[in-house]
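Data block below; observations after.
Bear in mind these aren't lab numbers, they're just calculated from the coordinates by the rules spelled out. Source: prediction; values computed, not measured. Here the Cβ positions follow ideal geometry from the backbone for every residue, glycine too, while neighbour counts run over all protein chains shown.
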Amino acid sequence: MKNKIVLIPLIILILSLNLFAQPPVVNKGKSPFVQVVKDIRESVVNITVKYEMKYGGFNSQLPFNDDFFKFFFPDPYGNREQQSRKSVAMGSGFIFKRNNKDVYILTNNHVVERGKEGEIIVTLADKAKYKAEIVGLDSETDLAVIKIEVENNENTVIAPLGDSDEMEIADWVMAIGNPFGQLGLERTVTVGVISATGRANLKFGKDSPIYQDYIQTDAAINPGNSGGPLVNLHGEVIGVNAAITSTSGGNVGIGFAIPANIAKKVSHDLIEHGEVRRAYMGILPQDITAEIQASFDLDKIKGVLVAKVEENTSAKKAGLKRGDVIIQFDGKEIPNMAKFRLIVANSEIDKNLPIIVIRDKKEKSLLIKLTERPDKIADDKNKIKEDKSDDIGLEIDNLNSEFARRYKVDEKSGVIITRIYQNSPAAESGLSVGDIIIEVNRKSIHDVDDFNKFTKNNQYDSLLLYVKIKSGAYLYVPIKLK
């Protein structure tokens, strides 16, 4: 009898553990996901991008298409003429806003960026197809907004954006998207939990987003799901599915979504301005390590260390100093550098914001007024004027600038390209933002002043630049100016 008494509580415990391991249910054994899916599933759209991929024809694109330059720049493809082939990319998106006939769709930048040279087709839940236009792209978060125009009587389901900051690890979520688009598996629903939050410093190829604060989930995400919504039990989108980590190319239970609170800021700016306006502070931040914690006698490993304060910046004017540890910014706790950069970038511009630092083992409060990020504003010292007819057509900055640090430049001298104007000699040369110019006409350059000295006064008909491109390769790039 004694053994039976011990066994009964054990059986109850096992049964209760098994019960709690199951997904939540509502009346009549129905999952609460059922109603959420009914409310939001038809907001998800299928996105098809058709474009031409060009290859070969290296020599034909050179500004100096003559035998001399062909000798130094041989065609790696063995083709004298550039060729192309038709390509198709597929992904997901969801309707998050409608204004009369204009329907706005949120998706990933990597899903639709090739639509700039091609065509974007959106298929709604009722199979209606529309040609879409790009409203704005943001590679730095991997988000994009596209737009279609529908008839007044076309019904569209709008997915509301929720508060991603309220989500916690182990909360239930659903991913909805179009995996393996060529198989016709539209609006597939998968269920899981939030596995982690605040994931950053992840590498998804050479063009990984700069600003990362991913929600990690084990809800199945596969190729084609990119751009689809990650939804909570209230039917709110709390993330935009963006990437997976996998050894096989398919789902292994590690997927990543961009938080909805980031998407709110980015989508608003893309619709209102066509680009994302980000704030700039003017420091070189550094993560707090155990060694730094001990050296600075900090209570916790949190915040960011100010490694350098740039001259003539908001940080300098606010009184920040090298060696300060920023633990709070605009009322938000700072856990690490990735979160700090995101908070600063999304902060209001030209408004006094409170900041708390630890200086000499004591907390100190400051006020800082942020400016717009330097690569988005005019800097007469570091750029060539766009309105000159003989302009090269690019803007540059020094290698010790914040812009260069974001590209993790390791060159000791030269200048980095921060902008290239359309239909300019620089654009025709194939140069890209982030490329580093090391020499001009076989002469080494140290900074912006050197570059301007060798290119000013319209003294050359052409330039020969020695450049380190973003892939790490070194090339001579000729630019014909006249």
Legend entry - Where the Cα pairs of region 164-273 fall when distances are cut into 5 Å bins, in %: 2, 13, 23, 25, 20, 12, 5, 1, 0
Inset, instruction - List the relative contact order of region 164-273 as a percent without decimals, with contacts defined as Cα pairs under 8 Å and 6+ residues apart. - result: 26 percent
Inset, instruction - Report Rg(Cα)/(2.2 N^0.38 Å) for region 101-202, keeping two decimals. - result: 1.23
Inset, instruction - With label points built 7 Å along Cα→Cβ from the Cα atoms of residue 193 and residue 273, find their separation and express it in nm. - result: 4.0 nm
Legend entry - Charge sum, other residues only, whose C-beta stays under 11 Å from residue 192's C-beta, Lys/Arg counted +1 and Asp/Glu -1: -2
Inset, instruction - Pull up all non-local amide H partners of residue 180: gap of 5 or more, or a different chain, and H-to-H distance under 5 Å with H placed in the peptide plane. - result: 224, 225
Legend entry - FRET efficiency estimate (nearest 0.05) - Cβ-Cβ, residue 101 to residue 185, R0 35 angstrom: 0.75
Legend entry - Karplus 3J(HN,Hα) series, Hz, for region 351-366 with 6.51 cos²θ - 1.76 cosθ + 1.60 (x for Gly, Pro): 9, 5, 10, x, 9, 10, 10, 9, 10, 6, 6, 10, 6, 9, 9, 9
Inset, instruction - Could you pull out every residue, at least 5 positions away or on a different chain, whose amide H is within less than 5 Å of the one on residue 235? Hs are placed 1.01 Å off N in the peptide plane, and Pro or chain starts have none. - result: none
Inset, instruction - First measure r as the distance between the Cβ atoms of residue 53 and residue 301, then evaluate 1/(1 + (r/R0)^6) with R0 = 51 Å and state the FRET efficiency to the nearest 0.05. - result: 0.65
Legend entry - Assigned charges on the beta-carbon of Lys, Arg, Asp, Glu; region 277-371 dipole about Cα centre (debye): 240 debye
Inset, instruction - Please list, in chain and number order, the residues 5+ apart from residue 346 or on another chain whose amide H is under 5 Å from its amide H, with Hs placed from the backbone. - result: 279
Inset, instruction - Could you go through region 425-441 in sequence order and give the Karplus-derived ³J(HN,Hα) for each residue, using 6.51 cos²θ - 1.76 cosθ + 1.60 with θ = phi - 60°, rounded to whole Hz, and x for Gly and Pro? - result: x, 5, 5, 6, 7, x, 5, 10, 4, x, 5, 10, 8, 9, 9, 10, 6
Inset, instruction - Extending each Cα 7 Å along its Cβ direction at residue 149 and residue 433, get the distance between those two points in nm, one decimal. - result: 2.8 nm
Legend entry - Cleavage-rule hits, GluC sites (Glu not before Pro), region 394-479, DSSP coil, Cβ neighbours within 10 Å at most 13: 411
Legend entry - Spin-label pair residue 31/residue 127, simplified geometry with 7 Å Cα→Cβ offset, distance in nm: 2.7 nm
Legend entry - Length-normalised contact order for region 279-374 - Cα pairs under 8 Å, 6+ apart - percent: 31 percent
Inset, instruction - Could you sort out which of 317/351; 127/147; 300/351; 308/453; 308/351; 101/265 sit more than 19 Å apart by Cα distance in this structure? - result: 300/351; 308/453; 308/351; 101/265
Inset, instruction - Quote to one decimal, in nm, the extra length available between residue 207 and residue 292 on full extension: 0.36 nm per residue of separation minus the C-alpha distance between them. - result: 27.5 nm
Legend entry - Stretchable slack from residue 322 to residue 363, in nm (0.36 nm times residue separation minus alpha-carbon distance): 13.3 nm
Legend entry - For region 97-111, Karplus couplings with θ = phi - 60° (6.51, -1.76, 1.60), whole Hz, Gly/Pro x: 7, 9, 10, 6, 7, 7, 10, 9, 10, 9, 7, 8, 4, 5, 6
Legend entry - Per-selection metrics, region 279-374 (Cα): Rg and Dmax in Å: 12.2, 36
Inset, instruction - For region 395-437 and region 298-352, write down the distance between their C-alpha centroids in whole Å. - result: 26 Å
Inset, instruction - Give me the net charge of residue 242's neighbourhood, meaning all other residues with Cβ under 15 Å from the Cβ of residue 242; Lys, Arg count +1, Asp, Glu -1. - result: -4
